[in-house]
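Encoded as structure tokens, the structure appears first; notes follow it.
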Amino acid sequence: MKALFVDTAGWVACADGADPAHDASRAARDAALEAGQTLVTTDYVVDETLTLIRFRLGLAAARAWWEQVDRSPRLRWEQIDGERFDKARELLFRYRDKDFSFTDCTSFVVMRELRLTDALSTDRHFRQMGFQILPGARRQVSSGARRRPR
């Protein structure tokens, strides 16, 4: 399958005009779609994305994002079932030297299963697991909360 996995950080970068990776992320997403690729994401990524957009941009922005992706025929939704959950848990505990989130691990499981190589994300964890990050690694940020200046 020729597809682009979209991680929370990728969705948020596309949605948040103030995100430093906004323009490059939107361009990478649009290029994938123009090339006929399907976007792939998971229910766990959607959970994180809705939460982050709501807290960063407000409830109206979260609803607008949801309505756009929910009706998209170019998006393939993958569910994290019991088997995927168990595999993700194994990954989480296997890599003691990494600070992967559980959602990261569920994404890695799905990407491996579907043989996907590229992820729209600014999260360095995808590169650590051997995946290609699009739009590139100008700024690497976890999909977690924004860091506040000290």
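FYI, it's all coordinate maths here, none of it is from the lab. Small disclaimer: the values here were computed from a predicted structure and weren't measured. So basically every Cβ, Gly included, is an ideal-geometry build from the backbone, and we count neighbours across all protein chains shown.
Scoring 58-67, 116-125 by mean Cβ neighbours within 10 Å over their residues and listing the highest first yields 116-125, 58-67.
Charge dipole of the chain (Cα centre as origin; +1 on each Lys and Arg Cβ, -1 on each Asp and Glu Cβ, all else neutral): 520 debye, rounded to the nearest 20. Its residue count N fixes a reference of 2.2 N^0.38 Å for the chain, and the Cα radius of gyration divided by that reference is 0.98.
Exposure proxy for T51, T41: other Cβ atoms within 10 Å of each Cβ, ordered fewest to most, give T51, T41. Calculated mean residue ellipticity, 222 nm, the chain: -16000 deg cm²/dmol, from DSSP H runs (n ≥ 4) at -39500 (n - 2.57) each, averaged per residue and rounded to 500. Charge tally for Q79 (other residues, Cβ to Cβ under 13 Å; Lys, Arg +1; Asp, Glu -1): -4. Ordering of 18-28, 97-107 by packing is 97-107, 18-28, highest average first (other Cβ atoms within 10 Å, averaged per residue). Write down the Kirkwood hydrodynamic radius of the range 1-55, to one decimal in angstroms, obtained as one divided by the mean of 1/r over all alpha carbon pairs. When all Cα pairs of the range 1-55 are included, the Kirkwood radius is 11.5 Å. Stretching the chain fully between Q68 and R94 yields a gain of 5.7 nm (0.36 nm per residue, less the alpha carbon separation). When the Cα positions of T8, T106, Y44 are compared along the charge dipole of the chain, T8 comes out farthest toward the positive end, with charges on each C-beta of Lys, Arg, Asp and Glu.
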